[in-house]
Structures are given as C-alpha cells and as structure tokens.
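Structure first, commentary second.
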Amino acid sequence: MGPLVWHSPRVPRRPERLLLLGGLMIAGQLGLRGWALSGSWFYFDDLAFMSRAMNQPFDSDYLLESYGGHLMPAGFALVRVLTDAATYQWWPWALTLLVLQALASIGIFRLLLSMFGRRPFVLVLLAGYLFWVFTLSAGIWFAAGINQLPLQIALGFGLTAHLGYLRTPRIRYLVTTLLWTAFGLAFYEKTLILFGIYALVAIGWFSTGNTPQRLRGLWDRYRLGIVVHGAVAAVYLAAYVHWGLDFGLGESAGVSWGPIAWNLVGVALAAALVGGPITWETLNVGSLANPSDLLLLVSWAGCAGVIAYAFFTRTMSKRAWSLLGFTLLANVVLLASARASIVGPEIGREYRYQTESAAIVVLCLGLAFLPLRGAVEVNSTREGVPRTYEGRVFVGVVTLLIVALSVVSTVRYVDLWQSRNDSEAFFRNARTTIAAAEHPVPMVDTGIPQTLLWSFRFPENSYSHILRPYADKVDYPRSSVDGLFILDDDGRLSPVRLEPAREMKETKGCGYRLDDDGTTTIPLDGPVLGGGWWIDLSYESSEATPLTLTAGEEEHELDLPAGDHDVFVQAAGEFRSVELSDYPTTSDLCVTGLVLGTPVPDSPT
C-alpha cells in the first residue's frame with residue numbers, strides 16, 4: 001500500500017520541507033487569486049461603500065451604520081482610507097483583498113500545524129482550503145471580502161491561540177484569542193460563530209465523561225476563560241442588537257428551512273468538496289453553483305464514503321463533524337432570517353454565504369482522522385481494521401484531481417464575473433465624456449442603472465453622491481435653459497428627453513401667450529402626483545423675460561432669454577396645471593409646448 005499519509009507519529013526528518021511546500025501552495029493560491037482580481041473591478045455594494053465614504057463625515061454614525069444587517073466599523077474605516085486614497089482605482093482595493101487572503105491562508109496553515117503537527121496530511125488539508133471555491137467570490141468582490149476574509153483570519157489565529165489556552169490555561173493565550181476574535185467582530189458580526197467553535201473544541205477534545213461531567217470539568221479548569229468569553233460575546237451581541245440588527249427570526253416564519261439547507265449543503269457544499277461545481281448558473285454578475293447530476297451523485301457518494309471510512313477506522317471521528325454541523329445550521333438560520341425571504345432559497349447556492357466552510361471542513365477532516373495535539377481524549381486508529389485508502393499515492397492522486405477540478409471551477413466563475421461586470425466601462429465612459437463637455441455640465445441628479453446599484457441605496461446611487469470626484473465639472477440645477485444632461489446605460493453623457501406622462505392641453509394660436517394680468521395658467525391633460533418629475537417648456541419670445549414658474553410644490557424664478565428655447569424645471573406634488581407669474585405685462589412670450597415626464601437619455605445606448 002505504501003507509506004501512510006494520514007498518520008505519522010514522528011516529526012519528519014526535514015520538517016522545513018513541509019513548511020516550504022505549504023508556502024509554495026499558498027503562493028499558488030495567491031497567484032490564481034491575483035489573476036482573478038487583476039481583471040475584476042468594483043461591483044454593486046463596492047460603489048455604495050465608496051459613495052458613503054465620499055459623502056458622509058467620518059464619525060460614529062458612519063462607522064456604526066447597519067448595512068444590510070452588517071455591523072462593520074473596521075470595514076467602513078478601511079473603506080474610508082481606500083476611498084480617500086484611491087477612488088475608482090481598483091488595484092489598491094484588490095491588493096487589500098489579496099493581503100487579507102494571504103493572512104487567512106497563513107493563519108489556517110498555522111492552525112493545522114498547531115492541531116496536527118508537521119505531517120504530510122496537513123498539506124492535503126491545506127490544499128482543500130486554498131483551492132476549493134468557497135472563498136472565491138468573497139475573495140474577488142471587495143464588499144464581501146471585507147467581511148469574510150477577516151472572519152477567516154480570526155478563525156485561523158484565534159483558534160490557534162484558543163488551543164494554546166486549552167493545553168496550558170495561561171492568560172496570554174486567552175487574551176490573544178479574544179483579541180483575534182475582536183478583530184474579526186470589528187469587520188463582521190458573523191465572527192460570533194467562533195465562540196461556538198471554541199466551545200465545541202473544548203467540550204469534544206479537552207474534557208471527558210458524559211455531558212454534565214464534561215461541562216463541570218471545563219468549568220473547574222477554564223472558569224476564567226468561560227466567564228470572559230461569555231462576557232465578550234454578550235457585550236458584542238448587545239451592541240449588535242443596538243446598532244446592527246435590522247432583521248429578526250420572525251422574518252423567517254414564512255421561509256422553509258428545508259430548501260435553503262438543500263441548496264446550501266446538498267448542492268453547493270457537496271459539489272465544492274469534490275472540486276465542483278464546474279458549471280455555474282449566471283446572475284447579473286455573480287453566479288450560483290449549478291453542478292450536473294453526475295457530479296452531485298459523485299459528491300454525495302464521496303462525502304458519505306469519507307464519513308463512513310472515518311467511523312470504521314477511527315475511534316472518535318463522529319464528534320469531528322459537529323463543527324461543520326454547527327456552522328451550516330447557523331448559515332441556514334441566517335439566510336432564512338435575512339436573505340432568503342427576499343430572493344428565495346436558491347441563495348444557498350451562492351458560496352459567499354458559507355466561505356468559512358473551506359476552513360471548517362478541513363478542520364473536521366483533520367479531527368476525524370488525526371489525533372489533536374494536547375487533547376484530553378485522543379483519536380486513534382481502530383485495531384485490526386484495514387486502512388485501504390490511506391496510501392500516499394491514492395490520497396495524492398485524489399487531492400490533485402480535486403484541486404484541478406477546483407481550478408477549472410474557479411476559472412469559469414472568474415470568466416463570468418469579469419465579462420458581465422459593466423461597472424468599469426460605465427464609469428470610464430462617464431469620466432471621459434464629462435471631461436470632454438463644456439463645464440459645468442447641467443445634469444439631472446438621478447441614479448445610476450439598477451444593474452450597477454439598486455435605488456434601494458438612495459441617495460448613495462445618485463449622481464451627486466457617486467460622481468463626487470467630478471463635482472467640479474458638473475452641476476445639478478433645479479432648472480436649466482436648453483441644456484440638461486443624463487448618463488445613458490453605457491455611462492456616456494447624453495442630452496435629456498422626457499418620457500411624456502402629461503402634456504399641456506391643446507389651444508389655438510401659438511400656444512399659451514402670457515396674459516396681461518400677470519398670471520398665466522397652463523392646464524395639463526391629466527393630474528400629477530408625486531416627485532421626481534421634470535417639465536420641458538418650449539417658448540418663443542422677442543425679448544428676455546423674467547418670470548416665476550410654479551409646478552405643484554416646486555417654484556422656480558427664471559430669467560428666460562429671447563428667442564426660441566426650451567427650459568427644463570423640476571416638478572413635484574399634486575397639481576393639474578402649471579402657473580407662470582411675476583412677468584412684465586408687456587412681454588410677448590408664448591409657450592409653444594409643455595411636457596411633463598421622467599428624464600431619459602436622448603441618444604441610443
């Protein structure tokens with residue numbers, strides 16, 4: 001069968017070779033991730049993050065604002081630094097993600113060495129973490145990565161310190177554990193799951209007896225740690241409820257957990273563990289796992305086989321899977337409470353909602369097959385049971401096959417991500433066409449296309465906020481004579497035309513000539529209600545004419561030049577006519593046309 005890769009009781013004769021190989025594997029992951037980042041750009045929430053940073057003061061309200069249920073003051077602080085230094089310059093943001101991924105990968109490698117020692121199977125586990133697709137989407141999308149990657153960093157370094165505390169309950173290990181955990185919490189509230197992982201490791205491997213005996217033993221030996229961990233978790237949870245919570249478990253009452261769990265575990269998780277999903281279901285930019293039936297069958301058989309093999313060849317493998325069960329249950333509950341009620345259970349097939357699974361699964365595999373260093377209860381091989389599938393050649397071939405398939409899945413995802421993100425082209429076109437126009441450019445202060453950022457994020461999606469770097473070149477008037485502009489769907493500057501909702505009632509002659517009594521009422525062909533309207537008023541006049549135009553709640557004092565012109569004005573409220581007043585009674589101005597509607601580009605996109 002050849003040498004066993006699972007269990008080497010002695011430290012290798014050249015342990016530095018294992019460290020070197022691990023470092024080279026991490027470098028390979030970072031090279032692949034760097035390639036993926038190099039062709040990517042800001043997307044969706046990234047734009048909202050920058051818009052917030054450009055337009056809000058740097059204070060507690062900015063740092064502690066709940067963003068889609070996320071409490072992330074450290075993330076917003078980092079966004080502010082990057083926005084001030086590199087607005088719409090992708091490479092510093094991409095480099096930040098790459099550095100965070102490097103720290104996470106080093107942390108997980110260090111954790112595996114701390115748990116299982118310098119043995120060859122650690123490299124197998126590390127390969128899974130590095131190349132499975134779980135971390136991919138968060139690794140190339142800044143808005144997701146700034147939450148998820150610090151969680152993985154906290155897991156790697158925090159659990160290593162926690163194991164040190166469990167082995168030798170020294171205060172410095174306890175403090176280090178909590179500092180790393182606090183680091184993760186400052187970026188992402190989901191870091192709270194680490195307290196559950198810490199507890200499961202302590203109960204499963206550093207105590208003995210039945211459950212009450214285990215809890216009593218832990219209390220006697222680690223009382224200070226339990227109290228401090230509980231206090232930190234409680235304080236943070238109270239802070240999150242105060243500042244971050246904008247959903248509740250009650251929102252999941254109408255959402256079935258079964259379909260979410262099926263998509264999260266039965267489809268996405270299982271497929272990724274064998275190198276999938278290989279094929280993807282495309283969304284606007286991101287993609288959902290869409291593995292073939294054959295791949296799913298292989299993945300289910302493989303997962304069942306690994307679990308069964310561990311059970312029959314190891315003395316205490318069952319408890320190893322508790323870590324994965326705990327985190328997957330947490331993910332299902334969170335999705336049912338905060339996301340699935342809006343977009344449906346298919347959201348479980350999006351890997352950014354379980355990025356930590358990459359690390360958790362490798363920990364479970366290690367705990368299922370290897371003895372945990374320093375543990376009170378030690379996992380060992382069962383006597384007299386053949387270990388057929390533990391040869392280095394077999395394990396190496398399977399590992400290489402899964403890594404190769406994972407790379408294929410990665411490349412296919414990245415290709416879809418890069419080719420379907422129109423944000424960079426939109427902002428490049430906006431920058432160049434605004435720069436080429438006569439300044440300041442009078443623009444409608446509307447929102448960028450919904451495919452780039454939902455209007456739900458108003459006012460962060462509005463021109464005045466998101467085009468802040470070009471504030472010296474544009475203006476957002478309430479009224480404008482002859483010139484008013486908007487960006488088309490490609491980001492190019494375009495003259496405005498109005499999609500008609502109402503028009504002035506027809507009349508004889510030139511149109512509506514100004515009445516001698518100083519007030520002229522122009523009736524519309526229907527009622528108007530609400531805001532966001534613009535009026536395009538066409539007129540002819542032999543002389544310049546000052547007047548006041550009233551459209552519902554909007555009142556405009558205008559100085560209209562002589563000649564044939566169009567004046568654009570904002571309108572809002574409830575009204576059925578437009579009123580002109582405060583003009584010279586000698587004026588011969590005649591309104592030849594009036595259209596009320598919403599502004600759209602006048603050029604084809």
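The values are calculated or read from the model by the stated rules, or taken from the named source; none is laboratory data. As the structure is a prediction and not an experimental result, all values here were calculated from the model. When we count neighbours, we look across all protein chains shown, and the Cβ atoms used for this are built from the backbone with ideal geometry, even at glycine. Surface accessibility is based on the protein's heavy atoms, side chains included, excluding ligands, DNA and RNA. Shrake-Rupley method; radii C 1.70, N 1.55, O 1.52, S 1.80 Å.
A few points about this structure:
- In this structure Val600 has an accessible area near 30 Å², from a 1.4 Å probe over the protein heavy atoms.
- Out of every Cα-Cα pair that the chain contains, those further apart than 40 angstrom amount to 41 percent.
- At q = 0.20 Å⁻¹, base-10 log of I(q)/I(0) for region 342-485 (Debye sum, equal scatterers on each alpha carbon): -1.29
- Region 269-334 - percent of accessible surface contributed by carbon and sulfur, probe 1.4 Å: 76 percent
- Local electrostatic count at Asp482 - Lys and Arg +1, Asp and Glu -1, tallied over other residues with Cβ under 11 Å: -3
- Semi-axis lengths, largest first, of the ellipsoid equivalent to region 18-167 are 31, 19, 11 Å, with √(5λ) applied to each eigenvalue of the Cα gyration tensor.
- A Förster distance of 41 Å, applied to the separation of the beta-carbon atoms of Arg468 and Val411, puts the FRET efficiency at 0.70.
- Scaling the Cα radius of gyration of region 450-498 by the globular reference 2.2 N^0.38 Å produces a ratio of 1.21.
- Cα→Cβ-extended label distance, 7 Å offset, between Asp84 and Glu555, nm: 4.2 nm
- Taking Cβ atoms as reference points and 11 Å as the exclusive limit, the residues near Asp59 contribute a net charge of -1, counting Lys and Arg as +1 and Asp and Glu as -1.
- For the chain, the per residue solvent-accessible surface stands at 43 Å², with DNA, RNA and ligands left out and a 1.4 Å probe.
- Per-residue ³J(HN,Hα) for region 30-47, Karplus 6.51 cos²θ - 1.76 cosθ + 1.60, θ = phi - 60°, Hz, x for Gly and Pro: 5, x, 5, 5, x, 4, 5, 6, 5, x, 9, 7, 4, 8, 6, 4, 4, 5
- 3J(HN,Hα) along region 89-99, derived from phi through the Karplus expression 6.51 cos²θ - 1.76 cosθ + 1.60 where θ = phi - 60°, amounts to 10, 6, 4, x, 5, 5, 4, 4, 4, 5, 5 Hz, with x in place of Gly and Pro.
- Using only alpha carbons, region 456-605 has a radius of gyration to Kirkwood radius ratio (Rg to Rh) of 0.99.
- For the chain, the antiparallel share of DSSP beta bridges with both residues in that region comes to about 95%.
- Take the Cα of Ala304, step 7 Å toward its Cβ, do the same at Glu16, and the gap between the two points is 4.8 nm.
- Most to least packed among 511-518, 316-323 [average Cβ atoms within 10 Å]: 316-323, 511-518
- By the beta carbon rule, with partners counted only under 4.7 Å, the chain holds these lone Cys residues: Cys303, Cys364.
- Distance from region 549-585 to region 51-77 (C-alpha centre basis), Å: 40 Å
- Ordered from longest to shortest, the equivalent ellipsoid semi-axes for region 119-167 are 23, 18, 5 Å, each the square root of 5 times a Cα gyration tensor eigenvalue.
- In terms of packing, defined here as the mean over residues of other Cβ atoms within 10 angstrom, the peptides 218-231, 537-550 line up highest first as 537-550, 218-231.
- Over all other residues within a Cβ to Cβ distance under 9 Å of Ser541, the charged ones net out to -4, with Lys and Arg as +1 and Asp and Glu as -1.
- Set of aspartates and glutamates with alpha-carbon distance to Lys505 below 13 Å, sequence-local pairs under 8 removed: Asp525
- Label-point separation, Thr211 to Val385 (7 Å along Cα→Cβ), nm: 2.5 nm
- Note, ³J(HN,Hα) from phi for region 564-581, Karplus 6.51, -1.76, 1.60, rounded to Hz, x at Gly and Pro: 9, 9, 10, 10, 9, 9, 6, 9, 7, x, 10, 7, 10, 8, 10, 10, 10, 8
- Global geometry of region 241-325, whether rounded, prolate or oblate, following the gyration tensor of its Cα atoms and the 1.5 cut on a/c: oblate
- Förster radius 22 Å - calculated FRET efficiency between Ile171 and Val376 (Cβ-Cβ, nearest 0.05): 0.60
- Under-5 Å amide H pairs with Ser287, H placed in peptide plane, nonlocal only: none
- Viscosity 1.306 mPa s, temperature 10 °C, Stokes-Einstein D of region 369-439 from Kirkwood C-alpha radius, µm²/s: 87 µm²/s
- Interchain or long-range residues, amide H under 5 Å from Glu554's placed H: Ala572
- Ranked packing of 62-71, 450-459, most packed first, by mean Cβ within 10 Å: 62-71, 450-459
- For Leu372, distant residues with modelled amide H under 5 Å away: Asn379
- The stretch between Trp219 and His439, if pulled fully straight at 0.36 nm per residue, gains 72.1 nm over its current Cα-Cα span.
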